Structures are given as structure tokens and as C-alpha cells.
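Structure first, commentary second.
Only the coordinates and a few stated rules stand behind these numbers; no lab work does. Everything numeric here is computed off the predicted structure, so don't read it as measured data. Note that we place each Cβ from the backbone using ideal geometry, even for glycine, and neighbour counts take in every protein chain shown.
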Ligand code: 5GP
């Protein structure tokens, strides 16, 4: 049985409200997929999914991309168990693909301080990709500590802790089909 957004809300009383509904996500992801398909007509880009949070976004986004492409996965840790970004990126799982001379699109769930994606981009640049862009579902612009160019952004959101659509709290709630805010 699958639940819609409202049913999840009544089932999980600790969720304060839906910030972005599943319909809004579907619509925006489709737009981003079309945009990317136009931009990469003459290329076979590699989508680099940053685990774990970006997996639903990658799955939905790539199904809206009509040009040939590849996917690969990378896992990094940045929040040392707490809720503050350290900016230190530790590679837990590296890419299998060689990205030298390839067009890469980093797929991220959320950009908060920007420290994680900035460090990751610096690291991947040393492998000499032809191009490196970021597709982020969510952008907490107000929390930025370092300026990072985001080529494809789903939604700009306020500085609140969000869960759902890949984003966890204590490893749970990634399955929620919407982006929600937990009760304080
Ligand atoms: P940054 O280095 O940009 O501060 O942190 C990015 C990472 O922090 C994201 O990939 C995500 O794992 C985590 N993060 C930042 N904000 C949130 C949030 O509101 N909810 C959740 N679940 N994770 C977040």
C-alpha cells in the first residue's frame, strides 16, 4: 500500500508540515530533466549521485533525461555525526568511472553551507573532467558559507531542517514522497 502526502502526515505526527509536495517535486524534476536534455544534446554526460540522500532525485531526474547518459555513485561524509557541517569531505565510496574528459553532473539532495559540494568539486576537478556542473534538488541559499555555482536547482528553501525524498533524520524518513519539516 502506498500513502499520499496527507496520509503520511496523519501517520507521522512528528512532521510539522509539507514544504514541497510530491506533485511539485515531480513537476520541477521533469523541467530540470528537459533542461539538461537540451544542454547535453551533443554529449554523453555522467550523472554522479552523491549518496545517500540524492538517490530518489537521481532516479526521477534521469528518467526525465532523453539524451544518452551514464550514472555513477559516490558517498562522502561531511557531518561528523552532528548537525553542523565540518566542511571536511571524507570519501566513503569512490566513483568507478574515469571522468577525465567527460561531462559530469553532480547530483545532490541539498546544498546548505556549500562546504561539502565545494570540497567535492575541488577534488573531482583534479581528475580533469571536460565539464563539471551541479544539479541540486534543494538550495538553502541563506545558509551558504562559500559561494558555489549551482547550474540546476529544484527549489530554494528556508533554513529549516527538512526530511523526505532521500533526506533523512537519523537514517529514517528517506522514503517520504514529499519534503517535510519536522516539529521542533
Ligand atoms: P553542506 O556542506 O552544504 O552544509 O551540507 C550538505 C549536506 O548536509 C547534505 O548533502 C545533507 O546530507 C546535509 N543536510 C543539510 N541540510 C539538511 C537538512 O535540512 N536535512 C537533512 N536531512 N540533511 C541536511
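Before moving on, here are some points about what is shown:
- Fluctuation leader among 136, 59, 75 - the chain, Gaussian network, Cα springs under 10 angstrom: 59
- Rounded to 0.05, the FRET efficiency of the residue 101 and residue 143 pair, given R0 = 35 Å and the Cβ-Cβ distance, is 0.55.
- With a Förster radius of 35 Å applied to the beta-carbon distance between residue 63 and residue 93, the computed FRET efficiency rounds to 0.90.
- Counted residue by residue at 0.36 nm each, then reduced by the alpha carbon distance between them, the extension gain from residue 122 to residue 14 reaches 35.1 nm.
- In the stretch 1-62, the ratio of gyration radius to Kirkwood radius, Rg to Rh, stands at 1.09 when only Cα atoms are counted.
- When Rg and the Kirkwood Rh are both derived from Cα coordinates, the Rg/Rh ratio for the chain amounts to 0.96.
- If you plug the beta carbon distance of residue 161 and residue 75 into 1/(1 + (r/R0)^6) with R0 = 22 Å, you get a FRET efficiency near 0.55.
- C-alpha long axis of helix 22-39 to longest principal axis of the chain, angle in °: 10 degrees
- Considering all different alpha carbon pairs of the stretch 86-144, the Kirkwood hydrodynamic radius works out to 12.2 Å.
- Spacing of the modelled spin labels on residue 30 and residue 170, each 7 Å from Cα toward Cβ, amounts to 3.7 nm.
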